[in-house]
Structure formats: C-alpha cells, structure tokens
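Novice: First, the structure itself, so that you have it in front of you.
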Amino acid sequence: MRYTYNQMKNLFMQQSYLDSWEDYERSLNKSNFIKWDFIVLTASNEEQATVYREQIAYRIQNHQLPATTHYAVLPDPEGKRVGSGGATFNVMRYIAEQIDRENGENIFKNKRILVIHSGGDSKRVPQYSAIGKLFSPVPRELPDGRGSTLFDEFMIGMSGVPSRIKEGMLVLSGDVLLLFNPLQIDAMFHGAAAISIKERVEVGKNHGVFLNDGHDNVGQFLHKQSEEHLREVGAVNNQNCVDLDTGAVLFDSDLLQSLFNLISTNGKVNAQKFNRFVSEEAKISFYGDFLYPLANDSTLEQYYREAAEGVINDTLLACRKEIWKAVRGYSMKLICLSPAEFIHFGTTRELLQLVTRNVEDYSFLSWSKKVMTTGAEDNSEFAAHNAYIGHAAKIEKDCYIENSYILDNSVIHSGSIVSNLHLRNVEVPADTVWHGLTLKDGSSLVRVYGVLDNPKGRLKNQAGFLGTTLGDFLEKNKLSLADLWDNEEDYLWFARLYPTCKSREEAVEFALILSKMAEGKATDSEILRWKQCKRESLYSSFNKADVQHDSAFERELESRILANKFIYQLSCGTYYKEALKIFGRRGISEHIYENLVEDAKDAPEDLKIRIYYALSRYMK
C-alpha cells in the first residue's frame, strides 16, 4: 500500500504524540528521567498570576506535573506592562535569585529552563482574558481521562525536550501549539536557535518569517511583512512556503548570561539597570528586540527603526544600543522541523472554526468535537468541552459550548459560543458569544459580543458589534458617547456594555436585552433599565473577575459530568470495573463521590444498588 505525503505526515505526528505522552508519564514517575529544572510562566498582572499558580498547584497535587521541577509564575513588576523582553529579563532576575553561584560564574550553566510567555489580555478571544489563553481548552481527552488545555499540551509535548539539550532556555509563545518530535531538535549551536516549520506564505505574512542565510543560520528576521516583500527577499520557496517563526526559541547559557549582565553587577541584579530595561517606557520585545540583532544580516541602523511593542523613544533606543553590543557576537541557528504542526489560537472566529469544522483534520491526534460532554449525540454538528447538555436542549450547527450547563428547552442558534454559563430555557441568538463571569464583589455579568467582532475596533472606524456597528448601536438606542466611555478611547474593548447583577439569572436577562438593543428592538423601559445599571467593559470585567470562583465552577461541572457518564455506563449494563475507567488516573474525587451518592438517591432501585456496589468495591 502506498501512502500519500499527508498520510505519512499524520502517521508520524500521531506516533510523536504517543511518544510525548510516554515521555510525560516518565517525567511523572521516574526520578532519573531528565526534566526541566525551571518552568516559568509570565502573566500580565498579579490576579492572572494567582490563577496560573492555582492551576499549577492543582495539577501538582493530582500528580499531573513533575514534583521536582521548580515552577514559578511571574507577573509584570508592579503591574506595569513591560513587554515580552522585559518579562524575560524578569525571569532571568528570578532564576538568578534562586541559584547560588560564585561571582563570575554563569548563573544559567547546567540549567534547563522552560519559559512560556502568557501575559496577554487575549483581546481577540475575550472569553479567555480572565483565566488566560494558556489554560483555554484543547479539543482532546487525555489518556488519563482529563480534558486537555493548551498548558497541558505544552507540558506533554515539551517533556522530551530536556533530554535533547544540556542547558539553556526554551521560550514559547502561550497562544501557539507547536506539535513535533523532540528528536528533531539539533541542539548543537552557540547563541540561539529558532525553531521553525515550513508554512504557506499566506500564513507566514501574518506572523514572523526567518530567511535562511544559506548556512542554516538566520540571515534576516522578517516580522509581519507583505507577501510581495517576502518574495522579493527570497523567503518563499518553490512550494510557496516560508520558514515560519513558531514563537519557540532556544537560548544557550552564554547568551543568557550576556543578557543577564545588562541588568546585573558582579552577578547580582542591579536595581537601577533592571528598572531601565524592565519598564513601561522601554517595553522591550523578546521577538523584536532580542531576536533581530541575532540575524546575521541585521544592521544597527535598521534595528533602531524596527517596530516596537510600545513606541520608539529615547529610552528604548538606549536599551537597544546596549542589547546590540551584548548579543551581536552570537548567531541564531535555524532549526526547521518537518513534519510538524503549528496551531495558532488567534481570534474568536478562528477558535470556532478550529473546534467545529477543522477539528476533524486533527482526528489523528485524538482531537474530537465532544470532550467531557454529556447528553449530546456523537454525530451532532456542534462542539463541546466540559459541557452538560440536557436532553430537551437544542444546540444548532457549528456552535461551541464550554464549561456550561445547557438545560431544559434552551436553544443555542447556529455559529454561537457559550462559555461558563448555566442556562435554562434561554434562547441564544446566532453568531454570538455569551461568556459568564463572576466578579470579586460577588456580582455576575454576561459578556455578549459577535463572533466576528474585533474588540480592538473603534467607534470612529465603524467597529462591528452584535451584527451592527457601535455607531448604529448608539443611534438605535439614543445613547451618547458618555453612556459607553468615560475618558477611554472609543474601542469596543473599553465600552461599558455589561450590567453587573446580583445573580447569574439576572445577568442572562440583560444579555438578552443587550441583544435586542443591537437589533433596535428593545423597549424604552428596557433601555432605561440597562442605562441605570452599573456596567463593566470587556477590559474592566476581566480585571475584576473572580477566576478562582469560576475555576471551582468548572471543576464541579467536570465532576458532575463524570458522575453522569459513570451512572449511564452502569445503567447500560457495563461491568463496574470497566465503568470506573471513566475517572482515569484521578479516581473518584470527593466532589464526584458526593454527586454519585446524590444521584443514587433518585435512581431506580436496581441502578441504585449497582451504584452503591461499585462505590463500595472502589473504596475497598
């Protein structure tokens, strides 16, 4: 039998996925398996960092992460946005404080460090702003019975990398899933190594592209260049592909030490130097400010003109001058992985497309439309992750339900997303996102926007909102600019649209009113009621979110789903030992046990006996 290239690629990726899982299990269970010394996540603020720490602690407690690795979550210092490069300097500072070395010694020698930059606001997928895109769901049930997240995929996929490198730092972007076999990594380099894959030029022009200098080093780093320019400089090959920047870069210990010297004196962090490089004014970019000087054909003059994460100013230029001197003596090797997969979790529309229509393209990776979901037919044409769907509920085509109950006669119309909600007899309009949040003061709100809406859009640029524009929304409901914005600029991101309510039910009611307002069908009394409420924006609501409360809701829902699936298996006559496999490695938690006991009370007598018997045998 002859296989096509895609079939061969899929077989390779499938086996690599299985190999990564085996490496991951070895990292959990074998003390002599080579692991990361440090895993560091960056966060945008202390609130987001607290959520990340709680997620990591939960996994360590449940034996889902190697306990001997040192984990840290570092928000930008003092809540200031210091750029991805500033965040990397902050990581170096933290690691230096954990390691006792003599003056002059390389702090990073013999240390394997994984850094995941995950401090963005997730403006283009607002439902993940609060918890962070890094912990957003991935449409895969893991072999141990868990629903996967982007973070889990990173931990599994990168488990085999430490054995491929003697020392150094691997930096990853928290919104890109890179699937490859670690055996493809050639760690013979001095300085940096950019991990790339071949991708169509249509994709490459929206990301970064590396130009090979002919000796497998990076000659030029081309960030978001036009297709025409990429062709002019020879970055596009005969197959119409480029060497795509995946966001994954390896730094060796010498390069790390050279960068660390910019913020230290005699091996100790110098506060004055640190504050110059790690600041809102400089806002140094890891990709623009660290990688550009490592490309062989770079020039200092062009480096000064390179786009910045913030604005180009005297402070940034002074920092660039010092960075150039520190790293210019190093080169950046180009490691092009093939076969490999690059999956970017970019916009709301891309997410919906991925989980509903494109997920079948990744079936060889055990991805599926339904993950940890109950009450849904396997052949139904919507996607769900950790969702409890009632038998009377109607979910139309191309919808995505996550971390939600959809009960009774609820209807979710086509192309919509429902996240973190408990809906009962509610009708959600087509092509909209409904995302529930609990705030720290105990109030609730539902953030409603269109799947195609861009939160970075502005009123003056006719930004879309719920099938209309922000301008038309104001006009239809006789609203002034002051009704949506105080002193902020007129972005959808800052528009005060969402009433804070005492209950989630009231918040759902206002979500319906807001949808009617967008259609111009709200009554005067409904508009007045909306105007009289205290309201939050997409931006302010995620900053005030009680994410730990919503994480607890998510886990309780997961326990409910697992209990329901277990009881269903028993009711179908499945032997209890086989049915227990539903709970995977975690077994029956306290929450699941409580749910099973509660369900047993209302179950028919024969099923009740089977539930109690299964529990007694499990406990024994």
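The values are calculated or read from the model by the stated rules, or taken from the named source; none is laboratory data. Just so it is clear, the structure is predicted and the values come from calculations on it, not from any experiment. Please note: Cβ atoms are built from the backbone with ideal geometry, for glycine as well, and neighbour counts cover all protein chains shown. Note: areas computed on protein heavy atoms with side chains; ligands, DNA, RNA excluded. Shrake-Rupley method; radii C 1.70, N 1.55, O 1.52, S 1.80 Å.
Novice: I'm trying to understand the selection: among the residues of the stretch 18-36, which are open to solvent by less than 50 Å² (accessible area, probe 1.4 Å) and not in a helix (DSSP H, G or I)?
Specialist: Result: 33, 35, 36.
Novice: If residue 493 meets every condition in (1) more than 22 Å from residue 130 (Cβ to Cβ); (2) in contact with a helix residue (DSSP H, G or I) (Cβ under 7 Å, 6 or more places away or on another chain) apart from one, which number is that one?
Specialist: Answer for residue 493: the failing condition is (1).
Novice: Test each condition in (1) at positive phi; (2) in a strand (DSSP E or B) for residue 234 and report the one that comes out false.
Specialist: (2)
Novice: So, in the stretch 546-591, how many residues would count as being of a type outside the set (A, V, I, L, M, F, W, C), open to solvent by less than 20 Å² (accessible area, probe 1.4 Å) and in contact with a strand residue (DSSP E or B) (Cβ under 8 Å, 6 or more places away or on another chain)?
Specialist: At the first step, the residues of the stretch 546-591 found to be of a type outside the set (A, V, I, L, M, F, W, C) are 546, 548-551, 554-556, 558-560, 564-565, 568-569, 571, 573-578, 581, 584-587, 589-591.
Narrowing the set further to residues that are open to solvent by less than 20 Å² (accessible area, probe 1.4 Å) leaves 550-551, 559, 587.
Okay, now just the ones that are also in contact with a strand residue (DSSP E or B) (Cβ under 8 Å, 6 or more places away or on another chain), so 550.
Total meeting the criteria: 1.
Novice: Considering every residue within the stretch 294-309, establish whether at least one is open to solvent by less than 20 Å² (accessible area, probe 1.4 Å), touching a residue at least 40 places away in the same chain (Cβ under 8 Å) and part of a helix (DSSP H, G or I). Talk me through it step by step, then tell me what you get.
Specialist: Of the stretch 294-309, the ones open to solvent by less than 20 Å² (accessible area, probe 1.4 Å) are 294-295, 298, 303.
Now restrict to residues that are touching a residue at least 40 places away in the same chain (Cβ under 8 Å): 294-295, 298.
Within this subset, residues satisfying the condition of being part of a helix (DSSP H, G or I) are 294.
Taking every residue of the stretch 294-309 in turn, at least one turns out to be open to solvent by less than 20 Å² (accessible area, probe 1.4 Å), touching a residue at least 40 places away in the same chain (Cβ under 8 Å) and part of a helix (DSSP H, G or I).
Novice: More than 17 Å from residue 86 (Cα to Cα) and open to solvent by 30 Å² or more (accessible area, probe 1.4 Å): does that describe residue 317?
Specialist: Numbers: more than 17 Å from residue 86 (Cα to Cα): no; open to solvent by 30 Å² or more (accessible area, probe 1.4 Å): yes.
Against the criterion (more than 17 Å from residue 86 (Cα to Cα) and open to solvent by 30 Å² or more (accessible area, probe 1.4 Å)), residue 317 does not qualify.
Novice: Kindly indicate whether any position in the stretch 466-479 is in contact (Cβ under 8 Å) with a residue 60 or more places away in the chain and part of a strand (DSSP E or B).
Specialist: Within the stretch 466-479, the first condition is being in contact (Cβ under 8 Å) with a residue 60 or more places away in the chain, and the residues that meet it are none.
No, the stretch 466-479 contains no residue that is in contact (Cβ under 8 Å) with a residue 60 or more places away in the chain and part of a strand (DSSP E or B).
Residues checked against (1) closer than 26 Å to residue 194 by Cα; (2) outside any helix (DSSP H, G or I):
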{"position": "332", "(1), (2)": "yes, yes"}
{"position": "343", "(1), (2)": "yes, yes"}
{"position": "353", "(1), (2)": "no, no"}
{"position": "362", "(1), (2)": "yes, no"}
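Novice: Within the stretch 181-204, work out how many residues are farther than 23 Å from residue 9 by Cβ and at pLDDT below 90.
Specialist: Residues flagged as farther than 23 Å from residue 9 by Cβ and at pLDDT below 90 within the stretch 181-204 amount to 2.
Novice: Given the residues 525, 571, 480, 515, which is the only one that is touching a helix residue (DSSP H, G or I) at 6+ places or on another chain (Cβ under 7 Å) and hydroxyl-bearing (Ser, Thr, Tyr)?
Specialist: Details: 525 fails: touching a helix residue (DSSP H, G or I) at 6+ places or on another chain (Cβ under 7 Å); 480 fails: touching a helix residue (DSSP H, G or I) at 6+ places or on another chain (Cβ under 7 Å); 515 fails: touching a helix residue (DSSP H, G or I) at 6+ places or on another chain (Cβ under 7 Å).
None of the other options fit; the residue is 571.
Novice: Can you tell me which residue among 172, 177 is modelled with pLDDT of 95 or more and open to solvent by less than 10 Å² (accessible area, probe 1.4 Å)? Steps first, answer last, please.
Specialist: Values: 177 fails: modelled with pLDDT of 95 or more.
That would be 172, the only listed residue that is modelled with pLDDT of 95 or more and open to solvent by less than 10 Å² (accessible area, probe 1.4 Å).
Novice: Do you know which residues across the stretch 141-152 are open to solvent by 10 Å² or more (accessible area, probe 1.4 Å) and either of a type in the set (Val, Ile, Thr) or touching a strand residue (DSSP E or B) at 6+ places or on another chain (Cβ under 6 Å) (or both)?
Specialist: 141, 147, 149
Novice: Counting just the residues of the stretch 174-226 that are of a type in the set (D, E, K, R) and under 25 Å from the mean Cα position of the chain (by Cα), which one comes out nearest to residue 344 (Cα to Cα)?
Specialist: Filtering the stretch 174-226 for residues that are of a type in the set (D, E, K, R) and under 25 Å from the mean Cα position of the chain (by Cα), the one nearest to residue 344 (Cα to Cα) comes out as 175.
Novice: If you go through the stretch 595-615 one residue at a time, how many are open to solvent by less than 90 Å² (accessible area, probe 1.4 Å) and charged (D, E, K, R)?
Specialist: Keep residues of the stretch 595-615 that are open to solvent by less than 90 Å² (accessible area, probe 1.4 Å), which gives 595-597, 599-600, 603-604, 607-608, 610-611, 614-615.
Next, from what is left, pick out any that are charged (D, E, K, R): 599, 608, 610.
Counting residues in the stretch 595-615 that are open to solvent by less than 90 Å² (accessible area, probe 1.4 Å) and charged (D, E, K, R) gives 3.
Novice: Would it be correct to say that residue 528 is surrounded by fewer than 15 Cβ atoms within 10 Å (Cβ to Cβ), more than 30 Å from residue 375 (Cβ to Cβ), at pLDDT 95 or above and not charged (D, E, K, R)?
Specialist: The answer is yes for residue 528.
Novice: Between 64, 15, 48, which is open to solvent by 10 Å² or more (accessible area, probe 1.4 Å), assigned to a helix (DSSP H, G or I) and among the polar types (S, T, N, Q)? Steps first, please.
Specialist: Details: 64 fails: assigned to a helix (DSSP H, G or I); 48 fails: open to solvent by 10 Å² or more (accessible area, probe 1.4 Å).
Just one listed residue meets the conditions, 15.
Novice: Across the stretch 69-97, what is the total count of residues that are within 20 Å of residue 267 (Cα to Cα), without any contact (Cβ under 8 Å) to a residue 60 or more places away in the chain and of a type outside the set (A, V, I, L, M)?
Specialist: 1
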